[in-house]
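A.B. asks: Sharing a structure, written as structure tokens. Questions coming.
The values are calculated or read from the model by the stated rules, or taken from the named source; none is laboratory data. Small disclaimer: the values here were computed from a predicted structure and weren't measured. For neighbour counting, all protein chains shown are included, and Cβ atoms are generated from backbone atoms with ideal geometry for every residue, glycine included. Keep in mind that these areas ignore ligands, DNA and RNA; they rest on the heavy atoms of the full protein, side chains included. Shrake-Rupley method; radii C 1.70, N 1.55, O 1.52, S 1.80 Å.
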Number of protein chains: 2
Amino acid sequence: MPNENLYPEHESLFNVFNSIYPLSDELKKAIVNESNIIHVEKKTQLLNAGETSNNIYFINKGAARVYYLDKEGAEITSWFLFENELLISVYSFFTGLPGFEYLETLENSTLIVLKREKLNKLYEKYLDFNFIGRKLTEFYYIRNEIQANELRVLTAKQRYQRLLTNNPKLLNRVSLGHIASYLGISQETLSRIRKQI
Amino acid sequence: MPNENLYPEHESLFNVFNSIYPLSDELKKAIVNESNIIHVEKKTQLLNAGETSNNIYFINKGAARVYYLDKEGAEITSWFLFENELLISVYSFFTGLPGFEYLETLENSTLIVLKREKLNKLYEKYLDFNFIGRKLTEFYYIRNEIQANELRVLTAKQRYQRLLTNNPKLLNRVSLGHIASYLGISQETLSRIRKQI
DNA sequence: TTGATTTTTTGACATTTGTCAAAAGTTGGG
DNA sequence: CCCAACTTTTGACAAATGTCAAAAAATCAA
């Protein structure tokens, strides 16, 4: 497979896509041409509330979070993303409307950036790419639904324990305050839960 | 448009699809050929936990819910669906694996049923149908994310008030117990909240 | 290393929500 | 129309979680 390392910066992305549906060389080339690689420092705001999410990011290296402000102005983290994951503000990116979410890197990161317009052009031109887009959307949707179910049913302690067993590496890379809001509990309660375990 | 009433039982479905992306006559015909119309009584179990969600349902008339059992065996409703909406067990249908969710009608209902295999065949044969599938998945995803966010941030009372303003008709069609579990609160608490308002 | 900044923990107390049991109300089939 | 089954409400109390303020610990840039 001489193609494997033709686009080293896009290797991880293509691996993700290929595991869903084989990518044609033409589509690969188009993706490489339309996207950019960027290096950003930790705490970079990739999107602010009120703006429209016009970019989709693939995390080659690093970490990021999606958050928004509640009524009192406190930051609520709704999602953490790491290597080989896609980063958008779901609402704003999918609707094309200004949204309420912020996107922020948590670590110095290497990202592949693709403009929403360009992604949509790819969807129009390469119809089988919609298959990949649909599958990825389904995949993230499932994760989101699991999260909603856990918020409904589990106690604060149980939610933390789930995170601990299902995503232990996350704890080393994300601050407690962010995790607390992600789990829908106060930082103090999470601190107390941790002591018990 | 002489085609408009060619398939009266599929009119609502095609309206939904057409509002996303124009449906070719050929695709319409294929959908009609591959799907069935069924009439089911209220409280019909369309899917049980442990089974694989092999059907997608479009609700022409009626109502349904998605639910699962928590550790104590109590029913937790995770979703209500009404006319012009699609009904699946997200996890099981998307992965093709046996799931944990039940699908149940809440009213006597008229449904369009399409087997997952047949849907996938349609996706393969009519690639632009993936565009519609992707958009619909995105749409339901957004709804799910809003729900997760509200479960994280809002108090029980606020979640009920949101439901009241955003979905008032739902209250006339769904029992309080189901709504309580959907909002992640006990039935007694919901009853007390209602009295306050 | 050090001092400033940020993050985490702790304590005391308030509030929200849950649980269990029973009563009241509602619904639908015979 | 009435009874049985189901749904909703109420009361008393327990448990979970939040809030505010302050202390302790960790982090990081100079």
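A.B. asks: Give the residues of the stretch B:124-161 that are open to solvent by 20 Å² or more (accessible area, probe 1.4 Å), without any contact (Cβ under 8 Å) to a residue 40 or more places away in the chain and aromatic (Phe, Trp, Tyr), sorted by residue number.
C.D. replies: B:Phe139, the sole residue that qualifies.
A.B. asks: Restricting attention to the stretch A:102-119, and to residues there that are of a type in the set (Asp, Glu) and open to solvent by 30 Å² or more (accessible area, probe 1.4 Å), which single residue is modelled with the highest pLDDT?
C.D. replies: A:Glu117
A.B. asks: Something else now. Output the residues belonging to the stretch A:42-76 that are modelled with pLDDT of 95 or more, open to solvent by 30 Å² or more (accessible area, probe 1.4 Å) and hydroxyl-bearing (Ser, Thr, Tyr).
C.D. replies: A:Thr52
A.B. asks: Do you know which of the residues in the stretch B:184-197 that are open to solvent by 20 Å² or more (accessible area, probe 1.4 Å) and of a type in the set (A, V, I, L, M, F, W, C) is nearest to DNA strand C (Cβ to nearest atom)?
C.D. replies: Per the criteria, the residue is B:Ile185.
A.B. asks: With the requirement that a residue be within 11 Å of DNA strand C (Cβ to nearest atom) and open to solvent by 20 Å² or more (accessible area, probe 1.4 Å), what does the stretch A:162-183 give you?
C.D. replies: A:Leu171, A:Asn172, A:Arg173, A:Ser175, A:Leu176, A:Gly177, A:His178 - these are the residues of the stretch A:162-183 that are within 11 Å of DNA strand C (Cβ to nearest atom) and open to solvent by 20 Å² or more (accessible area, probe 1.4 Å).
A.B. asks: Across the stretch B:137-190, what is the number of residues that are away from chain A (no Cβ under 11 Å) and within 16 Å of DNA strand D (Cβ to nearest atom)?
C.D. replies: 24
A.B. asks: Take B:Leu13 and tell me if it is surrounded by 12 or more Cβ atoms within 10 Å (Cβ to Cβ) and under 16 Å from B:Ile112 (Cα atoms).
C.D. replies: Criteria met by B:Leu13.
A.B. asks: Would you say B:Glu124 is within 14 Å of another protein chain (Cβ to nearest Cβ), more than 11 Å from DNA strand D (Cβ to nearest atom) and farther than 26 Å from A:Tyr67 by Cβ?
C.D. replies: yes
A.B. asks: Let me ask something else about it. Can you tell me which of (1) within 19 Å of B:Gly99 (Cβ to Cβ); (2) among the basic types (Lys, Arg); (3) more than 7 Å from chain B (Cβ to nearest Cβ) is the one A:Lys118 doesn't meet?
C.D. replies: Every condition holds for A:Lys118 apart from (1).
A.B. asks: Counting only residues that are surrounded by fewer than 21 Cβ atoms within 10 Å (Cβ to Cβ) and touching a residue at least 40 places away in the same chain (Cβ under 8 Å), which one in the stretch A:81-101 is nearest to the other protein chains (Cβ to nearest Cβ)?
C.D. replies: Step by step, filter the stretch A:81-101, then rank; the result is A:Phe100.
A.B. asks: In addition: Suppose we keep only residues that are open to solvent by less than 30 Å² (accessible area, probe 1.4 Å) and modelled with pLDDT of 95 or more within the stretch A:29-41. Which one would you say is farthest from the chain's Cα centre (by Cα)?
C.D. replies: A:Ala30
A.B. asks: Among the residues of the stretch B:1-54, which ones are in contact with a His (Cβ under 8 Å, 6 or more places away or on another chain) and over 27 Å from B:Ser78 (Cβ atoms)?
C.D. replies: Hits for the stretch B:1-54 are B:Lys28, B:Ile31, B:Val32.
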